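Following: one structure in structure tokens, then a few remarks.
The values are calculated or read from the model by the stated rules, or taken from the named source; none is laboratory data. Since we're looking at a predicted model, the values are computed, not measured. Here the Cβ positions follow ideal geometry from the backbone for every residue, glycine too, while neighbour counts run over all protein chains shown.
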Amino acid sequence: MKPHDGEIPSEINGLQPAMAAWRHRLHAWPELAYQETRTADFIADQLTAWGLEVHRGLGGTGLVGVLTAGDGAGTVGLRADMDALPMEEAGDPPYRSKNPGVFHGCGHDGHMAMLLGAARHLAATRRFSGTVHFIFQPAEEGKAGARAMIEDGLFERFPCDQVFAMHNWPALPAGHLAVHTGPVMASADMFELEIRGHGGHAAMPHQTLDPVVVAAQLVTALQAIVSRATDPTDAAVVSVTRIHAGTAHNVIPETAHLAGTVRALRPATRARLEADLRRTCAGIAAAFNVAIDVHWHPTYPPTVNHAGPAERAARVAAPLFDQVHTDLPPSMGAEDFAFMLEARPGAYVWLGQGQGPGGSGLHGARFDFNDAVLPRGAALFCALVEDILPT
């Protein structure tokens, strides 16, 4: 969409200091997946003070705030993730993490603050007719908290005609938004491979079945799954990220271990990549007379926006943002909001924030959410509610 000067309602702009204060408090006390009890306590206290019903314990530490106005008939879900990363913060803001080795290096503190801002504004104005479910989800960082909440009956207990989420995006300038129709984030699956050969003296390799040589062949062969077996227009990534074998210079070991990730934008491609990896391992094992055990760990499916909600998000965002991008390529990163989009129509959008005051990108040790964009995110959440549930 063409750029213009986005305007945020003054009522929401006025919440910026409060949202920044909430974020700083959440940033100072980060918690890992399924440990977000202090975080959930703080959120529940705020929502309760504003008159929302609060329901705890979904997916372990997840919670849902319920706000109803008018006839309460239509329903919208708005989601923010709560967990932090197991890493040390290198920056030194006044609200630096007080929990050693735990850090909001992905901006989930900002996501929660924006959703709290939307809840406060909508609770005060109630310019909608229906029910809004404010979903605060645990364990996004690789632990599938969205799936855990769904398995605990999220959408049965709190029906959502549509569901929306956003993620800060340092590669986009502050004031910009990206909305995709179709795939926006990739699937992410993990694999572990154990090559079982026959060890021996390094001077007598002919008496062994060397798993290290097999590991080297396997790394190369796995790359052909993408480069020679996947349509170049169909995005996919196979990455071997860990290799371990041996304990001494003069010993050929019995085993070698490899691990890595596989990513795709299409469910059919995701399934084929697993089959190709298993087939490649079986072929290499036969060629070198060793055994290769494949341990496949499915993690997140592709995050795929539904056309109607995505188009609505782009239209509603246009007056609020300087520019709304609808043609950016998807990311090969992964996001467990994918599970919610498999269960309900909705959209996941990227909120531009620039590099922010920390000067580093997502998962960087100096990352810090840009407080200046908090009103834009809250305003988009509110605008979606008021557009979907008009009075």
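A few remarks follow.
- Of all residues in segment 359-388, those that are more than 18 Å from ALA174 (Cα to Cα) and touching a residue at least 12 places away in the same chain (Cβ under 8 Å) have Cβ atoms under 7 Å from Cβ atoms of residues that are of a type in the set (Lys, Arg) and surrounded by fewer than 24 Cβ atoms within 10 Å (Cβ to Cβ), 6 or more apart or on another chain, in GLU386/ARG127; ASP387/ARG312.
- Taking the criterion of being crowded, with 17+ Cβ neighbours inside 10 Å and under 16 Å from VAL219 (Cα atoms), the only residue of segment 292-304 that qualifies is ILE292.
- Residue among GLY346, GLY356, GLY352 that is in contact with a Phe, Trp or Tyr (Cβ under 7 Å, 6 or more places away or on another chain), of a type outside the set (Phe, Trp, Tyr) and at pLDDT below 95: GLY356
- Near pairs, Cβ below 6 angstrom, 6+ apart or cross-chain, from segment 184-200 (free of Cβ contacts under 8 Å to residues at least 12 places away in the same chain) to any residue that is crowded, with 24+ Cβ neighbours inside 10 Å and of a type outside the set (S, T, N, Q): none
- Neighbours by Cβ (under 8 Å, 6+ apart or cross-chain): first from segment 286-301, charged (D, E, K, R); second surrounded by 15 or more Cβ atoms within 10 Å (Cβ to Cβ): ASP293/LEU193; ASP293/GLU194; ASP293/ARG196
- Residue in segment 281-289 that is part of a strand (DSSP E or B) and crowded, with 16+ Cβ neighbours inside 10 Å present: no
- From the options GLY377, GLY333, residue that is in the same structural domain as GLN162 (by TED's automatic domain parsing) and either among the basic types (Lys, Arg) or assigned to a loop (DSSP other than H, G, I, E, B) (or both): GLY333
- Residue count, segment 201-217 (criterion: without any contact (Cβ under 8 Å) to a residue 40 or more places away in the chain, of a type in the set (A, V, I, L, M) and part of a helix (DSSP H, G or I)): 1
- Leading residue by the ranking (farthest from ALA378 (Cα to Cα)) among those in segment 131-143 that are crowded, with 21+ Cβ neighbours inside 10 Å and under 14 Å from the mean Cα position of the chain (by Cα): ALA139
- The condition of being at negative phi, without any contact (Cβ under 8 Å) to a residue 40 or more places away in the chain, assigned to a helix (DSSP H, G or I) and under 32 Å from the mean Cα position of the chain (by Cα) holds for only one of THR220, THR233, that being THR220.
- Taking first residues from segment 43-64 that are in the same structural domain as CYS160 (by TED's automatic domain parsing) and partners that are surrounded by 15 or more Cβ atoms within 10 Å (Cβ to Cβ) and among the hydroxyl-bearing types (Ser, Thr, Tyr), the Cβ contacts under 7 Å between residues at least 6 apart in sequence or on separate chains come to GLY60/TYR34; THR61/TYR34.
- Taken over segment 324-356, the residue count meeting the criterion of being surrounded by fewer than 16 Cβ atoms within 10 Å (Cβ to Cβ) and within 29 Å of ASP92 (Cβ to Cβ) is 1.
- Scope segment 62-97; condition of a type in the set (S, T, N, Q) and farther than 28 Å from ARG126 by Cα; matching residues: SER97
- Each residue in segment 245-269 was checked for being surrounded by fewer than 17 Cβ atoms within 10 Å (Cβ to Cβ) and farther than 18 Å from ILE284 by Cα, and 8 of them qualify.
- For segment 26-57, a residue qualifies if it is farther than 23 Å from PHE103 by Cβ, of a type outside the set (A, V, I, L, M) and in a helix (DSSP H, G or I), and the qualifying residues are ASP45, THR48.
- Within segment 209-250, the only residue that satisfies the criterion of being of a type in the set (Asp, Glu) and farther than 23 Å from ARG270 by Cα is ASP210.
- So GLY101, is it modelled with pLDDT of 95 or more and in contact with a strand residue (DSSP E or B) (Cβ under 8 Å, 6 or more places away or on another chain): no
The rows are residues; the columns are (1) assigned by TED's automatic domain parsing to the domain that holds LEU63; (2) more than 25 Å from PRO301 (Cβ to Cβ); (3) out of contact with any Lys or Arg (no Cβ under 7 Å at 6 or more places or on another chain); (4) not in a loop (DSSP other than H, G, I, E, B).
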| site | (1), (2), (3), (4) |
| --- | --- |
| GLY91 | yes, yes, no, no |
| CYS106 | yes, no, yes, no |
| ARG127 | yes, yes, yes, no |
| PHE136 | yes, no, yes, yes |
| GLU141 | yes, no, yes, no |
| ILE150 | yes, no, yes, yes |
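- Residue check, GLU53 of a type outside the set (A, V, I, L, M) and buried (at least 22 other Cβ atoms within 10 Å of the Cβ): no
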